[in-house]
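A.B. asks: My questions all concern the structure below.
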Amino acid sequence: MLSIVPTFAWLEGLAWTTALRESPYGYPLIETSHVAFIVIFAGLVMMMDLRLVGLAFRHVPLAQIQQRLFRWQMGAFVPSMGTGILLFLVDPLRYYQNVFFIAKLLFLVLAGLNALVFHLKTYRKGETWDEDPHVIVTAWRAGAASLLLWSVTIVASRLIPNNWFK
Amino acid sequence: MLLPFFAWCESLAMSQAYRDSTYLFPVTQALHLLAVTVFVGAIVIGDLRLLGWGPVGQSRASVVRSAQRVLLWAGLAVLVTGIPQFTTNALTYHRSWLFILKMWVLAAALLFTATVRHRVAVADEGRLASWVPRVVGAVSLVLWMGVTISGRLINYYG
């Protein structure tokens, strides 16, 4: 069976990945930036989710909070993805079998799919969101699922250094 | 001066239980990050509004007031999950310049949020020059991101 391990070993042996891994500043600064961008991104997503489930910002129309926060969420998501990919490339053999890393990726994909489905199913209704009872129910479900999925993603990502299931 | 207090924190039964357990400390760290995420989200949405971005259809006061309840609950969770992390390794933190920096920036951020930021957010929108809320939003963002980043760097350069 074809193994991915030689590719990861090759990646890990490259001059630039070795330099970043062994530098006293490279890895810590990338990882710290990654956490900072994730906290902003997921924090803003969760603020929107709290609105969708009706727990906060109830005076802000659903459509408006979605439209006004989207660019800021993406502005933090892109660098968080970039730094996350870089962290993996620098130390792939450490991560690829880590249960919490795999869980993080899985829940990240599920959270993304949840957002995509909500976006495609509901977004077009735009300004009528707040009057349409069907949209309100769909929004509540999407918000609750998103809160749960992002919470698990964040918890899993912080547990990555503790590989309890080798 | 604070050394006896730090030593007392580390000697608590709770601190010992955290040191003895394989799971307690990492799980608390993970929940702390989750609470920090919600807290930062509530700060950033208010700061974006102060900067003239974010949900601009609403007044600054209503956005910041609505975020306040989230801030209080998330802040409580940050505190509850942060205290045992501190007491478990209190003597290590006593020697950590990054921990001391984080505490100073945290104190400045809390003070700024409760005083200047709150007063500017709830003030009549026409009463203040447009640059005032923008500067306040930017300072708040810098302070709270300073707390987050210095907290994270303790793991590496503590």
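The values are calculated or read from the model by the stated rules, or taken from the named source; none is laboratory data. Keep in mind that what you see is a predicted model, and the values were worked out from it rather than measured. Neighbour counts run over all protein chains shown; Cβ positions are idealised from the backbone, glycine included.
A.B. asks: Go through region B:52-103 residue by residue and tally those that are over 18 Å from B:Tyr157 (Cβ atoms) and assigned to a loop (DSSP other than H, G, I, E, B).
C.D. replies: 8
A.B. asks: Output the qualifying pairs, or none if there are none: Cβ atoms under 6 angstrom, residues six or more apart or on different chains, first residue in region B:42-67 and more than 7 Å from chain A (Cβ to nearest Cβ) and more than 18 Å from B:Leu110 (Cβ to Cβ), second residue part of a loop (DSSP other than H, G, I, E, B) and at pLDDT 95 or above.
C.D. replies: Nothing qualifies.
A.B. asks: So which residues in region A:14-60 are within 25 Å of A:Lys104 (Cα to Cα) and among the small types (Gly, Ala, Ser), if there are any at all?
C.D. replies: Once the filter is applied, which keeps residues that are within 25 Å of A:Lys104 (Cα to Cα) and among the small types (Gly, Ala, Ser), region A:14-60 yields A:Gly26, A:Ser33, A:Ala36, A:Ala42, A:Gly43.
A.B. asks: Give me the pairs, please: first residue somewhere in region A:146-165 and under 19 Å from A:Asn98 (Cα atoms), second residue anywhere and in a loop (DSSP other than H, G, I, E, B), beta-carbon distance under 7 Å, and either six or more positions apart or on two chains.
C.D. replies: So the pair list comes out as A:Ile160/A:Asn98; A:Asn163/A:Asn98.
A.B. asks: Still on this model: Can you name every one of the helices (runs of 4 or more DSSP H) wholly within region A:26-143 that holds 2 or more residues which are within 14 Å of another protein chain (Cβ to nearest Cβ) and among the acidic types (Asp, Glu)? Let's see the steps before the verdict.
C.D. replies: On the way: elements: A:26-52, A:62-90, A:92-95, A:99-122.
The helices (runs of 4 or more DSSP H) meeting that bar are A:26-52.
A.B. asks: Restricting the search to region B:111-136, which residues are within 21 Å of B:Trp53 (Cβ to Cβ) and under 15 Å from the mean Cα position of the chain (by Cα)?
C.D. replies: Passing the criteria: B:Phe112, B:Thr113, B:Arg117.
A.B. asks: In addition: Give all pairs with beta carbons closer than 9 Å in which a residue from region A:1-12 that is part of a loop (DSSP other than H, G, I, E, B) meets a residue that is surrounded by 12 or more Cβ atoms within 10 Å (Cβ to Cβ); count only pairs at least 6 apart in sequence or on separate chains.
C.D. replies: A:Ile4/A:Pro92; A:Ile4/A:Tyr96
A.B. asks: Taking the options B:Leu101, B:Leu106, B:Leu141, B:Leu111, name whichever one is loosely packed, with under 14 Cβ neighbours inside 10 Å, among the aliphatic types (A, V, I, L, M) and at pLDDT 95 or above.
C.D. replies: Numbers: B:Leu101 fails: loosely packed, with under 14 Cβ neighbours inside 10 Å; B:Leu106 fails: loosely packed, with under 14 Cβ neighbours inside 10 Å; B:Leu141 fails: loosely packed, with under 14 Cβ neighbours inside 10 Å.
Checking each option against the conditions leaves just B:Leu111.
A.B. asks: Considering only residues that are without any contact (Cβ under 8 Å) to a residue 24 or more places away in the chain, crowded, with 19+ Cβ neighbours inside 10 Å and aliphatic (A, V, I, L, M), which ones fall in region A:18-47?
C.D. replies: A:Val35, A:Ala36, A:Val39, A:Met47
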